[in-house]
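Q: The following block contains the structure, expressed as structure tokens.
The values are calculated or read from the model by the stated rules, or taken from the named source; none is laboratory data. Computed from a predicted structure; not experimentally measured. Positions of Cβ are generated from backbone atoms using ideal geometry, with glycine treated the same way; all protein chains shown enter the neighbour counts.
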Amino acid sequence: MSVETTTAAPERRARLDHETVVVAAEGLVDRDGYDALSMTLLAAELDTRVSSLYNHVTNLEDLRSEIQVRAMASMGRHVQRAAMGRSGADGIEALCHQLRDFARTYPQRYAALTRAPIDRDAFFEAAGGVIEALGVMIRSTGLAEDDILGTGMAVFSALHGFVSLEVSGYFGGIDDLEHVFEQVVRGAVAAAMLDSPHT
């Protein structure tokens, strides 16, 4: 009796394109950190040659830049969703919580945002979502137009300081970190409302 044998066809490698390469790079950043990203590591992750990656991205610096820009744009979408239908102190508080949530979900991408932008124009264009959402919330308090930019920078700086320390592990095993965060949020809201005619 003859036994029929079959040989499995070799798996075909997924076809690479720009989006596939960048998404894989983001995954590596999430896993290993922004500084660990290299073309060699990325090629291994995609089961391809380093030289093949250059058909889809210019170089490592451009890839890092795109990760920064995409992370900033993604954070903007998060905070804009939080701001919808809200205003004043309630809106600022919701925005603060949403920004923290993004940083805790993607700590390594958030860390990439703390680095000097590689492509400043693209980075700050991508930051428009965050800036717009924060500006809308602060403007809704009735604050004078000339004070909105400075107040927004102050609010973001306070919040960013806490979040950066948190995702870096600086706070260690502090038991009541939520209470600390709420204090930061109350301070941010108070700063935004300080000169508001509605207070």
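Q: Can you give me the ranges of the helices (runs of 4 or more DSSP H) entirely in segment 14-56 with at least 2 residues that are surrounded by 15 or more Cβ atoms within 10 Å (Cβ to Cβ) and of a type in the set (A, V, I, L, M, F, W, C)?
A: 18-32, 39-46
Q: Got a sec? Which helices (runs of 4 or more DSSP H) wholly within segment 113-199 have at least 1 residues that are of a type in the set (S, T, N, Q) and in the same structural domain as residue 73 (by TED's automatic domain parsing)?
A: 145-167, 177-193
Q: While we're here: Kindly provide the set of residues from segment 99-128 that are within 10 Å of the chain's Cα centre (by Cα) and more than 20 Å from residue 152 (Cβ to Cβ), ordered by number.
A: Correct list: 104, 105, 106, 107, 108, 109, 111, 112.
Q: Quick check on segment 109-117. Is at least one of its residues among the hydrophobic types (A, V, I, L, M, F, W, C) and at pLDDT below 90?
A: Yes, because at least one residue in segment 109-117 is among the hydrophobic types (A, V, I, L, M, F, W, C) and at pLDDT below 90.
Q: Taking segment 86-109 as the search range and keeping residues that are outside any helix (DSSP H, G or I) and hydroxyl-bearing (Ser, Thr, Tyr), which one is surrounded by the fewest Cβ atoms within 10 Å (Cβ to Cβ)?
A: By that ranking, first place goes to 87.
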